[in-house]
Amino acid sequence: MENSPFSLVGKNILVTGASSGIGRACAVESAKLGAKILASGRDEERLAETLSQVSTEGSTAVSADLLEFDFCKKISSAVPADEPLDGIVFSAGMNRLLPVGFIGEKEFAAAMRVNAEAPLMLVQTLLREKKIKRGASIVFISSISGGNVVSPGAAVYSATKAAADALMKTMALELAAKQIRVNAICPGAVETKMNALAAISEAQKAEAGKRYPLKRFGKPEEIAYAAVYLLSDAAAWTTGTRIVIDGGFTLL
Ligand SMILES: NC(=O)c1ccc[n+]([C@@H]2O[C@H](COP(=O)([O-])OP(=O)(O)OC[C@H]3O[C@@H](n4cnc5c(N)ncnc54)[C@H](OP(=O)(O)O)[C@@H]3O)[C@@H](O)[C@H]2O)c1
């Protein structure tokens, strides 16, 4: 495996949102390819569950709420000074559906903070503290809602994901001098806690999934495999791009 360009052996990877869904899958699948994981999220019990599925020795977890003032300090302190990061996956995210007429300042600020501002602040802190290596890879888990499609009630979510995409592209340009690559993965609906697919019956899910050309919703690991690619040396010439993974939904 070590000789494969897709290998993550010897790489230290921070995953936010690692306590659930796509973030957990990114942590688990990256570890299968050899990466040492720093798993971040809020729920300590579910972070421990993620770590129990992570196969690499030395992987750890740090609990931090991205809405609290001290999250940068907490996460940066968990990155050892002599083991800077080779990669980051920003998967933490929130999605509160609200019609335009009901969007309050607080809801807008919180979603913008978690989905866009927090990754920016964290990258700033980690760079300042020399905890991101030259040649590292940064992956945003964005959404097709950021630039491909919009839907009623998703104005705040779409705005935050569009902001994340813009940050990703600008960071890609600015950090290219350090050979740091920055990309986004834009999933369609994936079966996780976030979109409540877990709350409907298998029959309802199968029916709803027919709206997709591939006739089903995505699975967290199907997003994680793209993250593994972007984190690996196989993607050494890939930066500033949005990889859409949506079962063909945006072709319609
Ligand atoms: N599922 C989809 O259909 C879909 C589609 C497109 C894009 N995405 C994106 O994929 C990413 C992962 O979502 P998911 O589907 O895996 O949802 P999920 O299972 O609900 O996971 C969300 C993660 O974000 C973390 N998080 C939320 N608010 C946080 C905060 N204030 N501070 C720290 N962590 C916080 C959660 O941590 P705790 O659980 O520990 O609180 C959890 O680990 C999100 O950015 C989402 O927008 C999802």
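Observations, loosely collected:
- When every residue of segment 42-52 is checked against the conditions, none turns out to be touching a residue at least 40 places away in the same chain (Cβ under 8 Å), near the ligand (Cβ under 8 Å from one of its atoms) and closer than 22 Å to Ser142 by Cα.
- Qualifying residue in segment 122-129 (condition: within 16 Å of the ligand (Cβ to nearest atom), surrounded by fewer than 19 Cβ atoms within 10 Å (Cβ to Cβ) and either aromatic (Phe, Trp, Tyr) or free of Cβ contacts under 8 Å to residues at least 12 places away in the same chain (or both)): no
- Enumeration of residues in segment 174-195 that are surrounded by 12 or more Cβ atoms within 10 Å (Cβ to Cβ) and either more than 30 Å from Phe217 (Cβ to Cβ) or among the aliphatic types (A, V, I, L, M) (or both): Leu175, Ala176, Lys178, Gln179, Ile180, Val182, Ala184, Ile185, Ala189, Val190, Met194
- Taken over segment 55-93, the criterion of being in a loop (DSSP other than H, G, I, E, B), of a type in the set (A, V, I, L, M, F, W, C), within 16 Å of the ligand (Cβ to nearest atom) and touching a residue at least 24 places away in the same chain (Cβ under 8 Å) is satisfied by Ala64, Leu66, Leu67, Ala78, Ala92.
- Residues (outside any loop (DSSP other than H, G, I, E, B), away from the ligand (no atom under 14 Å from the Cβ) and small (Gly, Ala, Ser)) located in segment 24-41: Ser30, Ala31
- Residue that is farthest from the chain's Cα centre (by Cα), among those in segment 220-244 that are in contact (Cβ under 8 Å) with a residue 40 or more places away in the chain and in a loop (DSSP other than H, G, I, E, B): Ala236
- Filter result for Lys169 (within 13 Å of the ligand (Cβ to nearest atom) and either charged (D, E, K, R) or in contact with a strand residue (DSSP E or B) (Cβ under 8 Å, 6 or more places away or on another chain) (or both)): no
- Number of residues in segment 82-120 that are exposed (fewer than 14 other Cβ atoms within 10 Å of the Cβ) and at pLDDT 95 or above: the value is 10.
The values are calculated or read from the model by the stated rules, or taken from the named source; none is laboratory data. All of these numbers come straight from a predicted model, not from anything done at the bench. Here Cβ is always computed from backbone atoms with ideal geometry, including for glycine, and neighbour counts include all displayed protein chains.
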